[in-house]
Amino acid sequence: MKDKITKDQFFNSSASLIQDVTRQFIFPHILKNQSYLVNHLSSQDVDGFTYDDIENLYMTDQQIIEDLGLSNEEITAHMLDDYRYENPKEPLEWYLVSQWFLDRIKEMNEPYIENSYGTYWGRQCSGQSIYLDYDIQELAYHHAYDERLYKADVVNINDFKEVADESL
């Protein structure tokens, strides 16, 4: 079995390789852009699409600490709560996604809606292709089985020198 390249090797490879691996990886998981639909249903207060139905709308304690650049000792519970509720995540686009992708989004603490209509990822950026998002590229690195993520089997010619010499 081939060894997978390291995360550093992946992110230090060509941008076109990273983007292509990521694009091919996410293609079956990002089903449709549903931004208009979700925003319209939300504005009409349709059950399952209200603001209260959005999960992972707030940062975790660790995300807040990293965002503020503080240590655990420097921050109080009051500071965490103030920052959390004053800075909710803002989904700018909504995508209908596969259940597998939704499970990964949950692990990443990304906003989502899951209801009887479907599973929707609340993407927090807009204006660039999804495969350019670092977090999605990292997801592709960890879960894709693209052959380009594995080290090529390299033959050392010196291992065969002795055999070649004997055949002469």
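The values are calculated or read from the model by the stated rules, or taken from the named source; none is laboratory data. All values reported here derive from a predicted model rather than from experimental measurement. Because the Cβ atoms are built from the backbone with ideal geometry, glycine has one as well, and the counts that use them run over all protein chains shown.
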State all residues of segment 99-113 that are surrounded by 15 or more Cβ atoms within 10 Å (Cβ to Cβ) and not in a helix (DSSP H, G or I); if no residue qualifies, say none.
Asn109, Glu110, Pro111, Tyr112, Ile113
Taking the options Gln44, Gln34, Gln9, name whichever one is modelled with pLDDT under 95 and not basic (Lys, Arg).
Gln9
Note on segment 15-47: residues within 20 Å of Gln128 (Cβ to Cβ), among the hydroxyl-bearing types (Ser, Thr, Tyr) and surrounded by 14 or more Cβ atoms within 10 Å (Cβ to Cβ) are Thr22, Ser35
Given the criterion in contact with a strand residue (DSSP E or B) (Cβ under 7 Å, 6 or more places away or on another chain) and surrounded by 12 or more Cβ atoms within 10 Å (Cβ to Cβ), identify the matching residue among Thr60, Thr50, Thr119.
Thr119
Condition met for Tyr141 (outside any strand (DSSP E or B), touching a helix residue (DSSP H, G or I) at 6+ places or on another chain (Cβ under 8 Å), under 30 Å from Glu55 (Cβ atoms) and at pLDDT below 95):
yes
Show the residue pairs that are 6+ apart or on different chains and have beta-carbon atoms under 9 Å apart, the first residue being within segment 1-28 and more than 21 Å from Phe101 (Cα to Cα), the second being part of a loop (DSSP other than H, G, I, E, B) and of a type in the set (Gly, Ala, Ser).
Lys2/Ala152; Ile5/Ser13
